[in-house]
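Report on the following structure.
Every read-out reported here was derived from the displayed coordinates using simple, explicitly stated rules and does not represent laboratory data. From a predicted model like this one, the values you see are computed outputs, not experimental measurements. FYI the Cβ positions are ideal-geometry reconstructions off the backbone, even for glycines, and counts take in every protein chain you see.
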Amino acid sequence: MEPKLYDNCFYVQQKKYGLWYSNDVEGNGLITSLTEEQCISATRFYLKGRQEGFTESKTYEGEVGGKL
């Protein structure tokens, strides 16, 4: 299947195992998804965040406090 160009800035294509992948115009991988619609939506969200800056990020500790 040939990749489709969206918004003149990324391609979406179905590949192995039926998964959908998006790439920017330079060919860099961006998003992998189960459906074409999810891939398009997530790629638009990601590219908007990359362009405008993401909101504050949250970090989480990987330690459990207390006695086990």
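Before moving on, here are some points about what is shown:
- Charge dipole (Cα centre; +1 on Lys/Arg Cβ, -1 on Asp/Glu Cβ; no other charges) of the chain amounts to roughly 180 debye.
- Of Q14, Q51, Q38, the one that fluctuates the most in a GNM where the chain has Cα springs shorter than 10 Å: Q51
- Exposure rule at most 13 other beta-carbon atoms within 10 Å, DSSP loop GluC sites (Glu not before Pro): the chain longest free segment: 27-55
- When percent of Cα pairs over 17 Å apart is computed from the coordinates, the matching label among (1) 50; (2) 29; (3) 64 is (1).
- Loop-located trypsin sites (Lys or Arg not before Pro) in the stretch 10-68 (DSSP state other than H, G, I, E, B) with a sparse environment of at most 16 neighbouring Cβ atoms within 10 Å: K15, K58, K67.
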